[in-house]
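Engineer: Would you mind keeping the following structure in view while I ask a few things?
The values are calculated or read from the model by the stated rules, or taken from the named source; none is laboratory data. No experiment lies behind these values; they were computed from the predicted model shown. Backbone-built Cβ (ideal geometry, glycine too); neighbour counts: all protein chains shown.
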Amino acid sequence: MERELEPYQRVERSIQKKFRKSIWVPFIAAVKRYELIQENDKIAVCISGGKDSMLMAKLLQELQKYSEVPFELVYLVMDPGYNELNRKKIESNAALLHIPITIFETDIFSVANNTEKNPCYLCAKMRRGHLYSKAKSLGCNKIALGHHFSDVVETTVMSMFYGAQLQAMPPKLHSQNFEGMELIRPMYCIHEDDILSWKRYNDLEFIQCACRFTESCASCGGTEKGSKRAEIKALIKELSAKSPYIEKNIFRSVENVNLNTIVAYKQNGQKHSFLEDYESC
């Protein structure tokens, strides 16, 4: 008689079996293709409590079991001022999934809440800084964030529509303010729809929006409705209904930039014009 699996074991099996093609394989592909993990890395897995970061934690946990390359993981939860409901939800999910989290507290929500101009930008910037700082104090050389394929596509389009620039979300980058630290995105090639399917299949519930500005949507099915990202998400969904290659084409477009057709671009903070080399062509 087959032994009944614990909830965390069923989740792990689902990653390796049911969602192997849609989640595990793209995860491994990103890790290898973009060289995200090297020998003896110590990675702070940054967990916000949402579906993306929780899945990322399980993926890295599974990889650590089977990888021939030794590396360490620290599962880091920053509490920016969660309400009690959200804090308990994160803790209970971590226990359910057997993720040994380390929690540290900040007052980010309080600071951002008292800022009239761009509180969301300030909140995101402060979060990143606190995560880098805490990770470095724990001896980590990398932080891992749960951005996925769909985030990459949406960010690329948003930069054009609302930022008047062509700017992508790279799979890894060096920190500008914390020497020796890197940021990696292991779920870079995983589609959000597949993450949602994994969540539903395992009957899991995660916090969705813990921001104090939208607290009413925290654990009750709320969304980022009304945001610019939500608008772009809806637009891409509409276009994808007509052409299933839309998302993939946007994703690949930033890997196939033809600089000979670009009028101007920035590199290392310096702007360049096509006129610089025009006469020599």
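Residue by residue, here is whether (1) modelled with pLDDT of 95 or more; (2) surrounded by 10 or more Cβ atoms within 10 Å (Cβ to Cβ) holds:
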site: Gly222; (1), (2): no, yes
site: Gly226; (1), (2): no, no
site: Arg252; (1), (2): yes, yes
site: Thr261; (1), (2): no, no
site: Tyr265; (1), (2): no, yes
site: Glu279; (1), (2): no, no
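Engineer: Specify which of the listed residues (Glu68, Glu91) is of a type in the set (Asp, Glu), free of Cβ contacts under 8 Å to residues at least 60 places away in the same chain, more than 28 Å from Glu179 (Cβ to Cβ) and assigned to a loop (DSSP other than H, G, I, E, B).
Structural biologist: Criteria check complete, one pass: Glu68.
Engineer: While we're looking at this one, here's another question. Checking the conditions here, which among Leu122, Leu63, Leu76, Leu131 is in a strand (DSSP E or B), among the hydrophobic types (A, V, I, L, M, F, W, C) and under 19 Å from the mean Cα position of the chain (by Cα)?
Structural biologist: So the residue among Leu122, Leu63, Leu76, Leu131 that is in a strand (DSSP E or B), among the hydrophobic types (A, V, I, L, M, F, W, C) and under 19 Å from the mean Cα position of the chain (by Cα) is Leu76.
Engineer: Does Ile28 satisfy the condition of being within 17 Å of the chain's Cα centre (by Cα), part of a helix (DSSP H, G or I) and surrounded by 13 or more Cβ atoms within 10 Å (Cβ to Cβ)?
Structural biologist: Yes.
Engineer: Oh, and also: Any residue in the stretch 95-121 that's at pLDDT below 80: show its pairings with residues that are among the basic types (Lys, Arg) and assigned to a helix (DSSP H, G or I) at Cβ separation under 8 Å, as long as the two are six or more apart or on different chains.
Structural biologist: Between residues of the stretch 95-121 that are at pLDDT below 80 and residues that are among the basic types (Lys, Arg) and assigned to a helix (DSSP H, G or I), the close pairs are Ala112/Arg212; Asn113/Arg212.
Engineer: Just give me the residues in the stretch 160-214 being β-branched (Val, Ile, Thr), at pLDDT below 95 and not in a loop (DSSP other than H, G, I, E, B), in sequence order.
Structural biologist: Result: Thr214, single match.
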